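These notes concern the structure reproduced below.
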Amino acid sequence: MKLWGGRFTKETDKAVNDFNSSIRFDSRMYKQDILGSIAHVNMLGKCNIIPLDEAMLIKKTLYEILNDIESGVVSLNPEAEDIHTNIEQILISRIGDIGKKLHTGRSRNDQVALDIRMYIKDEIINLSEMLINMEKTLIDLALEHLDTILPGYTHLQRAQPISLAHHFMAYFQMFRRDIERLKDCYKRTNVMPLGSGALAGTTYPLDRYMVAKELDFETISENSLDAVSDRDFAIELLSCLSIIMMHLSRFSEELILWSSHEFGFIEMDDAYSTGSSIMPQKKNPDVAELVRGKTGRVYGDLITLLTVMKSLPLAYNKDMQEDKEAIFDAIDTVKLCLPVFTNMIKTMKVNKEAMYKAAQGGFTNATDVADYLVKKGLPFRDAHEITGKIVLYAIDNNKPINELTLEELRNFSPLIEEDIFEEICLEKCVSSRNIPGGPARESVLEAIKSAEKFLDDISNDNRNR
Ligand code: ARG
């Protein structure tokens, strides 16, 4: 049965029917569709647009259909045009003509806009819960590694020593911004479009605020043309998801490098790595690699949606049906990645000795030698120049700076005294960077305090939503 058969004299071509149909991917919105219809029909009854007893019958039947779908008593029809059509068909098959009144004052254009907004709102909460879990894990790891020293890198060259806690907390900040971005996207998704009709609103006196309240929307859309043709909120979501994946892929890349023999900084738990079918010695960081690879999918989904929406005239166009697979794929992918990634970092083994040893090489304390000279009265540029010469000498003699003798060091500057050794040991290099935002233990603890407060606030927010 078609919802629009009246005007037609021929059946739709079978191939066109399949081509046109979205049921194979939009059926996952059955719950949003039914709850949206329940709110709509409730309002139709309360506003006397259809008889109250009929509205109540429709409402009761819709709840039954929801139950039956969830318990598997009824299955959706793979031939249906879309989920909206399919639910209405089931309703009419159960209560006949009364069911035909559900769609009064509504179009599938505002209906689908509603469903997808409801779907995304739910998923934003799920995604942000997953990010919160990741954040908690990062804080736990940071607390465990406040004094674990490793080289910090620029250009992938050893630069200055930092703590592993500081490194983990860098990722905390990235995911924190991701949570905030999702929260912001939620605001613009939280707008109720029903009442916009196909494009020009409706002649029925619908109480849009009542529907918004029942469905837990903050507000209603203010332009019917825009409401049925807007997918900005979905594009924003996919941008947020792309940025999350970008963060995950940077993290993955580091962990892949770190688990190589060349670095040897970490070892993935056996449960989070895989072997090779030919090389018996191999233990591969597949999870991190897959997360890195799946980043491409999510970027692709964003570009798909941007391109689908590009140049579309107002208002609804069927092109927009192509939004769903991209939206669902991006959400599914990120929801797949976040928990495995979180557990992977929770279970990986950190090789503190290898990290420390790496920090000892590469002259990561050279800046501290220059800073030492500055404290003894030299301008920084001169101190930099002298330290460069010391580094060159150390390279030639194949020794780290702190293993040069005082005499050797004094050849470069008479300002250098015995206290230099204490000043340029790795622990001191880290602990003296106790500026807010720095890697020293106390600074990282400060950052963790603020991180915990952020998580408390955001969890409260989510609970109250
Ligand atoms: N399946 C459609 C979609 O996903 C629903 C809206 C259909 N509206 C229409 N006028 N054909 O966009």
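The values are calculated or read from the model by the stated rules, or taken from the named source; none is laboratory data. Just so it is clear, the model here is predicted, and its values are computed rather than measured. Glycine also receives a Cβ, built like all others from the backbone with ideal geometry; neighbour counts cover every protein chain displayed. Ligands, DNA and RNA are stripped out before the accessible areas are found, and what is left, the full protein with its side chains, is counted by its heavy atoms. Shrake-Rupley method; radii C 1.70, N 1.55, O 1.52, S 1.80 Å.
Computed quantities for the displayed model
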quantity: Protection proxy ranking, peptides 310-316, 210-216, average beta carbon neighbours within 10 Å, highest first; calculated: 210-216, 310-316
quantity: Whole-percent carbon and sulfur share, accessible surface of the chain, 1.4 Å; calculated: 52 percent
quantity: Hydrodynamic radius (Kirkwood) for the chain, which is based on Cα pairs only, to one decimal in Å; calculated: 26.4 Å
quantity: Contour excess over end-to-end distance, with Cα ends at Asp97 and Phe380 and 0.36 nm allotted per residue; calculated: 93.3 nm
quantity: Theoretical FRET efficiency, 1/(1+(r/R0)^6), r = Cβ-Cβ of Asn17 and Glu253, R0 35 Å, to 0.05; calculated: 0.15
quantity: Helix 286-309 axis, angle to the chain major axis (alpha carbon atoms, nearest 10°); calculated: 50 degrees
quantity: With 5 Å bins from 0: P(r) over the range 1-127, alpha-carbon pairs, percent; calculated: 2, 10, 19, 22, 21, 14, 8, 3, 1, 0
quantity: Computed helical MRE - 222 nm, the chain, DSSP H runs ≥ 4 contributing -39500 (n - 2.57), nearest 500; calculated: -20000 deg cm²/dmol
quantity: Calculated P(r) tail over 24 Å for the range 121-264, as whole % of Cα pairs; calculated: 50 percent
quantity: Residue-span extension gain [Glu144 to Lys31] - 0.36 nm each, minus C-alpha spacing; calculated: 36.4 nm
quantity: 20 Å reach of a label modelled at Ala354, 7 Å along Cα-to-Cβ, counting backbone N of the range 262-288; calculated: 262-276, 279-288
quantity: For the chain: accessible area per residue (Å², 1.4 Å); calculated: 49 Å²
quantity: Gained length - Thr9 relative to Asp226, 0.36 nm times residue gap less alpha-carbon distance; calculated: 74.8 nm
quantity: Highest to lowest packing among 52-59, 200-207, scored as the average C-beta count within 10 Å; calculated: 52-59, 200-207
quantity: Between the range 301-367 and the range 448-465, the Cα center-to-center distance that results, in Å; calculated: 22 Å
quantity: FRET E, pair Asp53, Lys453, Förster distance 45 Å, beta-carbon r, rounded to 0.05; calculated: 0.30
